[in-house]
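First up is the structure itself, then whatever we jot down about it.
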Amino acid sequence: MEKNKLYLSWKWVDDQINIIGDRLEGLDLEFVSGIPRGGLIPAVMMSHAFGIKYISYSSAKMLPLELKRKTIVIDDISDTGVTMEEADKLGFITSSLCTRIGTKTLPRLTGEMISDDRWLVFPWESLDSIPVQDYLIK
């Protein structure tokens with residue numbers, strides 16, 4: 001049986017970017033980066049909205065620790081928390097548009113908390129997306 005899907009709008013994405021942006025005060029940021037795949041578009045949106053320089057995630061991972069601490073990394077969702085855990089261990093300021101309650105690692109900044117297990121379809125994804133993360137290389 002296919003999971004129920006929740007189709008998110010561009011307005012919802014903008015709202016989450018703004019919620020995260022409201023929490024940036026006091027942070028000395030140099031860069032914004034996005035977790036490939038789901039975080040790339042939000043990272044570019046955040047870069048434009050708040051005037052933070054964009055850097056690719058692969059380049060950001062090579063930054064010295066003092067610059068990693070000035071880099072916010074965003075993903076579309078913190079679901080299991082595995083990706084957030086990696087970014088957190090690398091020293092980044094972590095963020096996600098939404099976080100599923102029960103995630104292994106909470107991002108430092110998040111938009112909406114998600115309390116159910118519906119499959120979220122972001123506006124940049126195909127409407128008929130399959131609710132399985134089979135594209136990840138393990």
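The values are calculated or read from the model by the stated rules, or taken from the named source; none is laboratory data. Keep in mind the model is a prediction, meaning the values are calculated, not measured. Note that each Cβ is placed from the backbone with ideal geometry, even for glycine, and that neighbours are counted across all protein chains shown.
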### Task
Exactly one condition in (1) more than 20 Å from Trp124 (Cβ to Cβ); (2) among the hydrophobic types (A, V, I, L, M, F, W, C); (3) touching a residue at least 12 places away in the same chain (Cβ under 8 Å) is not met by Ile114; state its number.
(1)
### Summary
When every residue in region 35-50 that is within 20 Å of Ser126 (Cβ to Cβ) and among the aliphatic types (A, V, I, L, M) is compared, the one surrounded by the fewest Cβ atoms within 10 Å (Cβ to Cβ) is Val44
### Message
Which condition from (1) surrounded by fewer than 22 Cβ atoms within 10 Å (Cβ to Cβ); (2) at pLDDT 95 or above; (3) within 14 Å of Leu8 (Cβ to Cβ); (4) of a type outside the set (A, V, I, L, M, F, W, C) is the one that Asp76 breaks?
### Response
(1)
### Task
Kindly establish whether Lys53 is touching a Leu at 6+ places or on another chain (Cβ under 7 Å) and at pLDDT 95 or above.
no
### Query
If you scan region 102-119, which residues turn out to be of a type outside the set (Val, Ile, Thr), crowded, with 23+ Cβ neighbours inside 10 Å and under 20 Å from Trp10 (Cβ atoms)?
Gly111
### Summary
Within region 63-95, residues closer than 21 Å to Asp28 by Cβ, of a type in the set (S, T, N, Q) and under 11 Å from the mean Cα position of the chain (by Cα) come out as Thr94, Ser95
### Task
Kindly indicate which of Thr71, Thr94, Thr83, Thr99 is among the β-branched types (Val, Ile, Thr), modelled with pLDDT under 95 and buried (at least 22 other Cβ atoms within 10 Å of the Cβ).
Thr83
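Please list, ordered by residue number, the helices (runs of 4 or more DSSP H) wholly in region 1-73 having 1 or more residues that are over 17 Å from Asp88 (Cβ atoms) and in contact (Cβ under 8 Å) with a residue 40 or more places away in the chain. Spell out the reasoning first.
Values: elements: 10-22, 40-50, 57-60, 65-68.
Counting at least 1 such residues, we get 10-22, 40-50.
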